[in-house]
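Reviewing the structure listed below.
The values are calculated or read from the model by the stated rules, or taken from the named source; none is laboratory data. Remember, it's a predicted structure, so these values are computed and weren't measured experimentally. As a convention, Cβ positions derive from the backbone with ideal geometry for all residues, glycine included, and neighbour counts pool all protein chains shown. These accessible areas exclude ligands, DNA and RNA; they are computed on the full protein's heavy atoms, side chains included. Shrake-Rupley method; radii C 1.70, N 1.55, O 1.52, S 1.80 Å.
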Amino acid sequence: MLGNGVVGILSESTNKWERRVPLTPAHCARLLHGGSGKTGVARIIVQPSTKRIHHDALYEDVGCEISEDLSECGLILGIKQPQLEMILPDRAYAFFSHTHKAQKENMPLLDKVLAERATLFDYELIAGENGKRLLAFGKFAGRAGMIDFLSGLGQRFLNLGYSTPFLSLGTSYMYSSLATAKAAVISVGEEIATQGLPSGICPLVFVFTGSGNVSQGAREIFKLLPHTFVDPSGLPGLFEMARDHTLVGQTTKRVFQVYGCVVTSEDMVEHKDASKFFDKADYYAHPENYRPIFHEKIAPFASVIVNCMYWERRFPRLLTTMQLQDLLRKGCPLVGISDITCDVGGSIEFVKRTTSIDSPFIRYDPNDNSYHHDMVGDGVICSAVDILPTEFAREASQHFGDILSQFIGTLASSKCLDNLPEHLKRAFIVHGGKLTSLYEYIPRMRNSDIENSSQILQPLQAAKMKYTTLIGADDKAVLHKIIDSLTALANPSEGHVDSKDNIISLKVGRLKGTGPEKENEIKSEAIVLILGAGRVCRPAVEFLTSIGRGSSRKWVKSYVTDESRGITSIRVIVASLFLKDAEEITEGVPNATAVQLDIAKKENLYNYISQVDVVISLLPPSCHSIIASACIQFRKHLVTASYVDDSMSNLDELAKDSGITILCEMGLDPGIDHMMAMKMINQAHVRGGKIKSFTSYCGGLPSPDAANNPLAYKFSWSPAGAIRAGRNPATYKYNGEIVHVDGDKLYDSASRLSIPDFPAFALECLPNRNSLVYGELYGIENEASTIFRGTLRYEGFGEIMGTLARIGFFNSEANPILQNETRPTYKTFLLALLGCHAEDSAESIVGEKLIADQIIALGLCTKRETAVKAAKTIVFLGFHEKSKIPISCQCAFDVTCLRMEERLAYSGKEQDMVFLHHEVEVEFPNGQPTDNHRATLLEFGRTQGERSYTAMALTVGIPAAIGALLLLGKNIKAKGVVRPIDPDIYVPALDILEAYGFKLVEKTD
């Protein structure tokens, strides 16, 4: 029956709550309609089920057969272990068997498979080339576990005498989808942000253990609340601050956020020898040399412990029963523990039993060591549900099937293991009624009565190691060492690294089909190529190369994925047409290399792109399509900070076909503006609101003390682009009407702007190109009556620049006076523009009054005050001087750009400033009051040592680098040409920006 192309899907029978499926109807449709010759699947037979998340009719609709009888199936799929009587002879089964660690409770299942000469394929053992599991539900466990605990937390606080927004939250299974559940959490977060939490339960600190998938899923939910992450070392200070507020009588003060803290092994233990520091490799090799400190350093400050780490008995417990009793006697604020790992009798010692989805909590009273199924009384509450992912059965099944469906055709059509790829071959525990060579150790483990290891024993081949033979291991202590060594080999990225003092070489069965292997061949260093060596480049280089060093811990720790956790460092190659420019960027930066590269020479460009993981292009937009085409050819992700133009849009389908992401508009404007906007808009939508008005303002300006010229403006690079931008037409929507502004009138359309949260800034805004496209991009074109994007400048900028434009300073046509070999002076040029040729003599003095009078006389300005301001600017720029104009200047625009570049440049320690401000007016149904939501980014240039960084370079370079980091960590799932408007991009990116030190302020009225 093996390899006959007929696939069966079991009806889950082990738990009433199990509603997940290995393949959804959509997956089945693709397998069946793709043709058996292409997919390897000829038929799919589904056992009927009335509780499955996708009902039988949906499977029938796509061509599946519904039948209890799966005897015609060569391959039978499930999620959890089936009943023993469901195992048919000579069939292949795929499910989570939990047998490869010789788990006692599942040995009858293994015996049944062996007796029936069946084949067993275990999802848990499918690993990629990096040794990491491909099929897992960890994030869904974390999401469901966190939502369930927040729901219970509300009930517990009520019994303790506190009403909190958590009380309105249901448990995960009560919501129709993950999105609906998240919306409910966001609603709770909005209430916390506006109404606050009682000071008596604050600071409310959630401690997350570990940084794997489970922890990521839990923190994904947590981050929907108004929050701040605190480093473990900052917990005492946080509580000291809260104590000070209490001492000064602020006991009725409300707190408008919660706090998170991520802890790993180094925060849980310390070396017994005070002269030695924590070493992860040494800890995993010799845990007996370390003592636990979690109960001393972390737990005394935790309100909630979210346990996301697996544990095995040779390591210290996270929290013993005695330690918990002592903590509560001393007044520890601990309210409860969410043991998402559900490790019974494990790292949380008092957890002696699992809980269920319909009764997820127990209350443990340490006073008499008793357990209760209520929320009333002393002690802590605890949830320990062992089937959490099924609460989001629909999304979990979709995620699972997306991956599994890639393998099904191969499994269904293969008659023997030798025809399978290695990563699938390693996942077979039994074939034809016999243990495969990789799992011949299981009977030995059973006979030795070893307690189950809590670490997943990945097949040895995945670790890519060389082995010698072990002659028998019936001794229990030796087998413990074997398991420890297997764990270390299979999970090097988890820190189980071989120690010379604790290594045991072994061979389990026979490894076939392997070529020469290198020890620990797991990629730990990622490589990023940055094209361009301008001011923006240096911050991006420093950001990326800091990965793996202490300086990055605070801002990377909360957004580590499985993939990025294995990356211990990032090497950056900076490529520029001129090697000297690249060398200036990389000078003094460890792990950064400078190279000379002309992108027009395709062979050289291809050579570099083919060797890296991600490319960042900081070159002019006209270069991006060349680079993007090369990235598509070599399947490398690309990040740019530039707008998506037609040349990039045309590459969307090719990028999707290549399986890569081209992340554009990942800078400031565009970039951070998108991310802040979409966060605000999506928050409004999930609360049932409609966007009535969206206005956005952004500008790069001198800091107030550097705005020391009549124009109150300076340039950190060529002014040509900024001047041209001021001549572009603009379109926006205001109160339902479309407003068009001609390019030659843009400066005159500037309007004063007062931002309530920053009253000291005298600002004005100019309409910025076509605002309407952002209504479509943000999905608000049919609901917002006002959509406006403006450029910020200090007050008076528009009227001065408008006057200069009318005089002719920005004309780009060839100017006759500039065509002569005999070069005119700036004074001559100015008088020609003002029509004062006769006045041009060696003795004449051109001053502010003459210039202002002539501006008024020519009708170029109606207000004397404006004419005087323009005259002061002209004099400041040196147009009254007798020095000669260089021959490179052939038009007025050239002359003006040159003068502005010379006279409006930053000098010494002067700093620039970036100001980004969004205002969103939100209407709600049923007469609810309108919300006015504001978000602001205010960032100043920085000086570190001898090196200065402009705010503009930081706010463009850092987001681009974050985009590369998210692509390396596989946070971004979308392929093709994308912008940072999806939550999987903007949520982590904004979090990292804040942790990095950018000031992002949000307020709601």
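List of remarks:
- Residue in segment 712-730 that is in contact with a Cys (Cβ under 9 Å, 6 or more places away or on another chain) and open to solvent by 50 Å² or more (accessible area, probe 1.4 Å) present: yes
- Condition broken by residue 50, with the remaining ones in (1) part of a loop (DSSP other than H, G, I, E, B); (2) touching a residue at least 40 places away in the same chain (Cβ under 8 Å); (3) within 22 Å of residue 18 (Cβ to Cβ) satisfied: (2)
- Residues of segment 185-205 satisfying the condition of being under 19 Å from residue 685 (Cβ atoms) and open to solvent by 20 Å² or more (accessible area, probe 1.4 Å): 186, 187, 190, 191, 193, 194
- Hey, residue 629 closer than 19 Å to residue 956 by Cβ, open to solvent by 50 Å² or more (accessible area, probe 1.4 Å), free of Cβ contacts under 8 Å to residues at least 40 places away in the same chain and part of a helix (DSSP H, G or I) or not: no
- The set of residues in segment 65-75 being under 27 Å from residue 431 (Cα atoms) and among the hydrophobic types (A, V, I, L, M, F, W, C) consists of 70, 73, 75.
- Every residue from segment 148-193 that is of a type in the set (Phe, Trp, Tyr) and more than 26 Å from residue 376 (Cα to Cα): 175
- Filtered residues of segment 370-386 (kept if at negative phi and either aliphatic (A, V, I, L, M) or part of a loop (DSSP other than H, G, I, E, B) (or both)): 373, 374, 375, 376, 378, 380, 381, 384, 385, 386
- When segment 358-368 is filtered for residues that are farther than 28 Å from residue 137 by Cβ and exposed (fewer than 11 other Cβ atoms within 10 Å of the Cβ), only 368 remains.
- Where helices (runs of 4 or more DSSP H) fall wholly inside segment 704-817, the ranges with 3 or more residues that are under 37 Å from the mean Cα position of the chain (by Cα) and either at negative phi or aromatic (Phe, Trp, Tyr) (or both) are 720-725, 772-778.
- Evaluating residue 105 against the criteria (1) surrounded by fewer than 21 Cβ atoms within 10 Å (Cβ to Cβ); (2) under 30 Å from residue 200 (Cα atoms) leaves one unmet condition, (2).
- Scanning segment 335-356 for residues that are more than 14 Å from residue 149 (Cα to Cα) and in a loop (DSSP other than H, G, I, E, B) turns up 343, 344, 345, 346, 347, 349, 350, 351, 352, 353, 354.
- Positions within segment 54-66 being out of contact with any Phe, Trp or Tyr (no Cβ under 7 Å at 6 or more places or on another chain), in contact (Cβ under 8 Å) with a residue 12 or more places away in the chain and either open to solvent by less than 40 Å² (accessible area, probe 1.4 Å) or not in a loop (DSSP other than H, G, I, E, B) (or both), in sequence order: 54, 58, 59, 61, 62, 64, 65
- Check on residue 947, under 18 Å from residue 592 (Cβ atoms), among the basic types (Lys, Arg) and surrounded by fewer than 16 Cβ atoms within 10 Å (Cβ to Cβ): yes
- Output for segment 1-39, where each listed residue is part of a loop (DSSP other than H, G, I, E, B), more than 19 Å from residue 400 (Cβ to Cβ) and either open to solvent by 10 Å² or more (accessible area, probe 1.4 Å) or touching a Cys at 6+ places or on another chain (Cβ under 7 Å) (or both): 1, 2, 3, 4, 16, 34, 35
- When segment 71-102 is filtered for residues that are at negative phi, surrounded by fewer than 21 Cβ atoms within 10 Å (Cβ to Cβ) and in contact with a Lys or Arg (Cβ under 8 Å, 6 or more places away or on another chain), the ones remaining, listed by number, are 72, 84, 87, 89, 96.
- Criterion applied to 872, 827, 849 was being basic (Lys, Arg), assigned to a helix (DSSP H, G or I) and without any contact (Cβ under 8 Å) to a residue 40 or more places away in the chain, and the one residue passing it is 849.
- Residue-level check: of (1) touching a helix residue (DSSP H, G or I) at 6+ places or on another chain (Cβ under 8 Å); (2) outside any helix (DSSP H, G or I); (3) under 27 Å from residue 781 (Cα atoms), residue 699 misses just (1).
- Residues (in a loop (DSSP other than H, G, I, E, B) and of a type outside the set (Lys, Arg)) located in segment 387-442: 387, 414, 416, 420, 421, 427, 432, 433, 436, 440, 441
- Residue 332 fulfils the conditions (1) under 31 Å from the mean Cα position of the chain (by Cα); (2) over 19 Å from residue 166 (Cα atoms); (3) in a loop (DSSP other than H, G, I, E, B); (4) not basic (Lys, Arg) except for a single criterion, (1).
- Scan of segment 270-287 for residues that are open to solvent by less than 30 Å² (accessible area, probe 1.4 Å) and in a strand (DSSP E or B), ordered by number: 271
- Residue list for segment 645-660, filter: touching a helix residue (DSSP H, G or I) at 6+ places or on another chain (Cβ under 9 Å) and either assigned to a strand (DSSP E or B) or not polar (S, T, N, Q) (or both): 645, 648, 651, 654, 655, 657, 660
- If you check 937, 916, 954 for being in a helix (DSSP H, G or I), open to solvent by less than 30 Å² (accessible area, probe 1.4 Å) and either over 20 Å from residue 219 (Cβ atoms) or not β-branched (Val, Ile, Thr) (or both), only one passes: 954.
- Checking the stated criteria, residue 895 turns out to be β-branched (Val, Ile, Thr), part of a helix (DSSP H, G or I) and either open to solvent by 20 Å² or more (accessible area, probe 1.4 Å) or in contact (Cβ under 8 Å) with a residue 24 or more places away in the chain (or both).
- Entry remark, segment 764-792: residues being closer than 21 Å to residue 671 by Cβ, touching a Ser or Thr at 6+ places or on another chain (Cβ under 8 Å) and of a type outside the set (Val, Ile, Thr) number 12 in total.
- Top-ranked residue of segment 871-890 - restricted to ones that are within 50 Å of the chain's Cα centre (by Cα) and open to solvent by less than 10 Å² (accessible area, probe 1.4 Å), ranked as farthest from residue 852 (Cα to Cα): 889
- The set of residues from segment 267-309 being in contact (Cβ under 8 Å) with a residue 60 or more places away in the chain, in contact with a Pro (Cβ under 9 Å, 6 or more places away or on another chain) and of a type in the set (Lys, Arg) comprises just one member, 297.
- Every listed requirement among (1) under 26 Å from residue 173 (Cβ atoms); (2) out of contact with any Ser or Thr (no Cβ under 6 Å at 6 or more places or on another chain); (3) of a type outside the set (Val, Ile, Thr) is met by residue 114 save one, (1).
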